[in-house]
Every structure is written in C-alpha cells, then in structure tokens.
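Contents: one structure, followed by commentary.
The values are calculated or read from the model by the stated rules, or taken from the named source; none is laboratory data. Just so it is clear, the model here is predicted, and its values are computed rather than measured. Quick reminder, even Gly has a Cβ in these numbers, built from the backbone with ideal geometry, and neighbours come from all protein chains shown.
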Amino acid sequence: MRDGEPLVRWAWIGDHVDELAHYTGVHLRLGLLPVLFGLIISVPLGMLCHRYRWVYPPTLTAANVLYSIPSLALFMIFVRYTGLTERTVMIPLTLYTLSVLIPNVVDGLASVPDPVRQAATAMGFSTVRRVVQVELPIAVPVVVAGVRVAAVSSISLVAVGQLIGQGGLGYYITRGLQLDFPTPIITATVLIMLLALATDALLVLAQRLLTPWARGKGAKA
Amino acid sequence: MIRFDAVSKNYPNGTTAVDGLSLELAEGGLTVLVGPSGCGKTTTLRMVNRMVEPSAGTVSLGGRDIREVAAPELRRGIGYVIQHAGLFPHRTVLDNVATVPLLLGWGKKKARSRAAELLELVGLPATMAKRYPYQLSGGQQQRVGVARALGADPPVLLMDEPFSAVDPIVRGELQAEFLRLQKELHKTIVFVTHDIDEAIKLGDHIAVFRTGGKLAQFDTPEKLLEHPADDFVADFVGQDRGIRRLSFVQASGLPLREGPVLPVTAPVAEARALGEPWVLAVDAARRPLGWAATDDLPSGGTLTDATLVPLGHTFSLTGDSARAALDAALLSPSRLAVGVDAQGAVAGVADAYELSAAMARATTLTDVPADAATAPEPGASAASTTPAGLTKGDAGESGPEKDGGAGGDGR
C-alpha cells in the first residue's frame, strides 16, 4: 500500500455508487440463483431418499464429493463447455448447495411425527397429496435452516468467480489488489458480508411468516 | 355393519398378528377391542380402513367387501382418532377439523362452517379455532382429534387408544364427554384400548384378544365380568370383577331402611334415645348434613351443636349403580350408605352386608333377561337425573356407576 493512502477513500465510494449497485445486483443473482436451483434439485432427491432409504447414503456421499472439489477446478472444467459466462459460476455453486440442502430436506421430512403421517393417511389423503399438503409444509422449518447456510456460503463464494471474470462484487477485490488500492477491496468485502447477513435475516423473517405454527416447536411434541 | 370373515394377518417374518378372526360388529354400537400388547387389536382396527391389508379372509362394511373401494375414498368415509391426536401442526384447529370435508371437495367456506359446528360439539370454545395445535393442552388436542374424525359425519369411527396419552382426570372427562357424544350420534365405533376398565366403561360389546391375535371372548361387559370364557379372560378382567359387575346393577332396586335420621334441629336427647352409635343429621328438605357419633354428643341442646362428621359420599337412587352404593357404605364413618333421591333428600340407609345380599339377588335376576336387554327398573329411567355423559350408549342396558366421587374409581 502506498504511503499516505487511507484505508477507505469515501469519495471513491461516492463516485461509484451506481457501479457498486450494479455489481451488487449481479452478485446477488450469482449467489442466490444457485440456491434456488439447488432447492429445485434437492427437494425431489430428498423425497426420494426419504422414501427409499437405501438411496440416501450414496446420494449424500456424491453430494459431499462434489462439495470437496475446489471451486477453481470446477470453474476450469465448466469453462470448456459454458465459456466465461455466469453459468460457469452458477453451476458449481448449485452443486455445492446440494451437500447442505439434501440432508435438510431428508431431515425435514423425517421431522414429520409418525402419528401425523398416519392420521393423514387415515383421513384419506392420497400419497401425493399427503406429501404436498402435509409432509413438505411440516418440513419447511428444517429445510429453511439448510437454505440459510447454503445462501450465506453461496453469496461469499461468488467472489471466487472473478477468476473467470464473473465474480460480482469480487471484481473490486481483484481490481483493488491489482491497483494496490484498498478502498474497493474493503467496500466489496463489507458489501458481500452485508448481503449475506441481510439474506439470512430475510430468510428468518420469511420463515416466521410462512410457518407461524412452528414457534412452539420443541416446547411440545 | 362391520364384519370380519376368517381374517388373518401374517407378516413375512413369520409373526401372526391376527389369527382367523370372525366377528360381526353391530351398527350404532361401540365395540371395544382389548388385550395385552401384541394381541393384534390395533392391526384388527386398521384392517377396517385398509391401513393394513389382511393376508386372508375378508372385511366388509355395510355388506360390501372393503377391497371394492379405493383406499383413500374408503378412508374419507371412516373417522379415525389416534393416541397422540396426530393433528397437523401446520394447520389451525379449524382447518384440522375441516380436513376431510376439504378432501371431499366441499369448498373452504362450507368445510370451515362445518368445522366450527364440530368444535362446539366437542366442547371447545370458538376462540380456539384460530390456534395451532402446539397451543393446546393434550386433552384439547384429543378433542380436536375427535372433531376432525367426525368431519364428514362418517357412519364409522375407528379409535386407537385415543385417551391413553392424557392424565387420568382428563381421561375421565374425555370418556364421559365421548359417551355423551355417542349417545347423540350413534356411530358405529371400534375402539382399541389395553385398559380393561376403559373397555368396561365405554363398550356396548367387548372383544378380548389374547397374544397371537386370537379372539378370546366377544361379549357385553356384564357377561364378560360374569362369565369369563377362560382363565386368560378372567385374569385379564382382573381380581375385582365381582365388584365391577355391580356397575351394571341399578342402585334404585336396593332395599333401604329409614335408619337413624333426624332433623338437625332435633334435641340431643332425642338422638340418644334412638340407641344407635351414629345419627344422620338432615336439613329441613331432608338433605344429609353429616353424621354425629352418639358418644360424642354434647350434653344438651340440638344436633346443631354437635360435631358432624362428613358423609364420605352418598349414592343416588336415580342414577348410580350398586357399585357406588357399596362404595358409599365402605367409606361412611357409620358404615351406612346414604341413598338420596332425585332432589338430594335422604331416601334411606343400608350397610354393606344388606347391600351385598340385595346385589346378589339383583345380579342373578339380571342374568336371565340380559340378552333381551330389558329396561331397568321403570322408576330409575323415568326420573333419571344422571348427567347425560355418564350413562352408556342407548340399548336398555343399565348404566355404569356415576363418575367422580361415586364408585370406586377414585382409588
């Protein structure tokens, strides 16, 4: 860092508000769409694992193996097929969410008390209706817990995508390093952290509104 | 109504849950399936709504083999109540109760107004409708469970140990309430319990199962207590079946004598003159106030000045059973049971020996016409002031003892 350079030049931030807003939007898209796609994959897979227990161990192992592959390696693999696009960032991030979301869907479905499942069957719910109207709604609190973890980690992981030029706010981190200029690095880092925290808070709020019945959970069986 | 024809249920691991069961359950009756754990009673219950499919034999409902109907459709026409209520935690109380009407496509508005009616029927205030199950006590949850089972007014109700997860006091309330409901609704009910007391209290008929899924005896509660088919049943109904049988003898037929009854305003001298160890003081309307021991009477004045010992409890000639009468005698300080009429006035007293002699005659008398289900003493049913919830179903069978203070249930 150059002598006399302050940690944060506030004027720079003021000059770049529009650009920062743009990159924040991109960052959110790159971080949250993978969570949505991950959920779309995990719910049916989780249901399958819940229904046929033998499917679960290999599925979970596969998801964990995917999670263990360094993101850099995955980016390089997908660049060959999808080029230097946002998709190349979002595909690995989607795969990463699976190792959190699948177990949470399975645990969520397992959290449906047995008498509830039996009562639903005995009331005359068909299997499909029972899953959609009874089991999945009851699984929501546990699934949301997984979504929170996946969303926060996904938002912070997006920055790595800058290695292929698609890193959302990560752009400022590499730029700042190249220019030996700390202001954009610190601004982007703080923004990413705020995005993660705000997303988490919104998810908690959404869950409260979606599942008012779950507040007494744990207090009574 | 519900008919089991040579029904068996075997599992691949070689266990037999139900073994060659043939049974016919009357329409509008409450049949209790009772037995030790692993006797197949719950399996039998679940075969009625195809939660369990029999390995052999047929189950028919209203003359129709239940396999002719698709399982979900069949189940919507059969109410089901389970031990832990099994309420849907994510739905409000009202929507829980509206479940089956909604499944049947009644539309939200109609289903909810029906649900509101049902909540009232099971004794829950309308303010509970918007609550979630976690906000209710165990007893309230169970009431909601019953209301939900009644959702589409099914002719048949299956109940799997519905009251066994609540404390004894709440259980007693729920049972009484449930009998009141059944008196109104006349559902055909199959009720599973492991508790023989509950079976005797609730059942019009009782099927006792033994381990291995064999039916040991199928009879009315009276017959079961009186003539257990074998040692297993005798053992299962317990050592005190002689006393329990008294629940089915009306107190109205018991002989009472006037006894040492005096108005509380009577002079002490008059009480002494009776020459009895205890004197029963009554008010102007002959309602009993308490016993006075002759030895402890003050030297002068009236009985108002004497120390009165509480009665224990009295028995009602218009609603109680002989069991309550005998219990009253055993608990009374004077060893005399006090019988009261519908107005609560003393009708007379009797001691345990006098009662037991009369009971022996009464039970042998009821043996003869038991199958014809004759009406009890005319006076008893006509002037009955028994709270509705405390007598059993319809039929002419004598009601069990009054709840609470009366009867030996408070042990």
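With the condition kept exactly as written, say whether any residue in the stretch B:336-344 is surrounded by fewer than 23 Cβ atoms within 10 Å (Cβ to Cβ) and either basic (Lys, Arg) or more than 30 Å from B:Leu225 (Cα to Cα) (or both).
Looking through the stretch B:336-344, at least one residue is surrounded by fewer than 23 Cβ atoms within 10 Å (Cβ to Cβ) and either basic (Lys, Arg) or more than 30 Å from B:Leu225 (Cα to Cα) (or both).
Restricting attention to the stretch B:58-78, report how many residues are farther than 21 Å from B:Asp160 by Cβ and in a strand (DSSP E or B).
3
Could you tell me how many of the residues in the stretch B:1-40 are outside any strand (DSSP E or B) and not hydrophobic (A, V, I, L, M, F, W, C)?
Total meeting the criteria: 13.
Output the residue which, of all residues in the stretch A:129-147 that are more than 23 Å from B:Pro72 (Cα to Cα) and not hydrophobic (A, V, I, L, M, F, W, C), is nearest to the other protein chains (Cβ to nearest Cβ).
It comes out as A:Pro141.
Checking the structure you have, find out if any residue of the stretch A:98-106 is among the polar types (S, T, N, Q), closer than 17 Å to A:Gln207 by Cβ and away from every other protein chain (no Cβ under 13 Å).
Checked the stretch A:98-106: at least one residue is among the polar types (S, T, N, Q), closer than 17 Å to A:Gln207 by Cβ and away from every other protein chain (no Cβ under 13 Å).
Considering only residues that are aromatic (Phe, Trp, Tyr) and surrounded by 13 or more Cβ atoms within 10 Å (Cβ to Cβ), which ones fall in the stretch A:27-80?
Of everything in the stretch A:27-80, those that are aromatic (Phe, Trp, Tyr) and surrounded by 13 or more Cβ atoms within 10 Å (Cβ to Cβ) turn out to be A:Phe37, A:Tyr56, A:Tyr67, A:Phe75, A:Phe78.
Would you say B:Arg143 is crowded, with 24+ Cβ neighbours inside 10 Å and either within 19 Å of B:Met51 (Cα to Cα) or touching a Phe, Trp or Tyr at 6+ places or on another chain (Cβ under 7 Å) (or both)?
So B:Arg143 does not fit the description; no.
Only strands (runs of 3 or more DSSP E) wholly contained in the stretch B:161-230 count here; list those with 1 or more residues that are at negative phi and not assigned by TED's automatic domain parsing to the domain that holds B:Ala17.
Ranges flagged: none.
Across the stretch B:42-75, which residue is farthest from the other protein chains (Cβ to nearest Cβ) among those that are touching an Asp or Glu at 6+ places or on another chain (Cβ under 7 Å) and among the β-branched types (Val, Ile, Thr)?
B:Thr58
Kindly state which helices (runs of 4 or more DSSP H) lie completely within the stretch A:99-172 and contain at least 3 residues that are among the β-branched types (Val, Ile, Thr) and touching a helix residue (DSSP H, G or I) at 6+ places or on another chain (Cβ under 8 Å). Give the derivation first.
Numbers: elements: A:114-123, A:127-130, A:136-157.
In the stretch A:99-172, A:136-157 are the helices (runs of 4 or more DSSP H) which contain 3 or more residues that are among the β-branched types (Val, Ile, Thr) and touching a helix residue (DSSP H, G or I) at 6+ places or on another chain (Cβ under 8 Å).
Of B:Leu45, B:Leu33, which residue is touching a Cys at 6+ places or on another chain (Cβ under 9 Å), hydrophobic (A, V, I, L, M, F, W, C), under 23 Å from B:Phe218 (Cβ atoms) and in the same structural domain as B:Trp106 (by TED's automatic domain parsing)?
On inspection, the qualifying residue turns out to be B:Leu33.
Only residues that are under 17 Å from A:Cys49 (Cβ atoms) and crowded, with 19+ Cβ neighbours inside 10 Å: list them for the stretch A:112-130, please.
Correct list: A:Val112 only.
In the stretch B:76-105, how many are in contact with a strand residue (DSSP E or B) (Cβ under 9 Å, 6 or more places away or on another chain), surrounded by 21 or more Cβ atoms within 10 Å (Cβ to Cβ) and either more than 10 Å from every other protein chain (Cβ to nearest Cβ) or among the small types (Gly, Ala, Ser) (or both)?
Of the residues in that region, 2 qualify.
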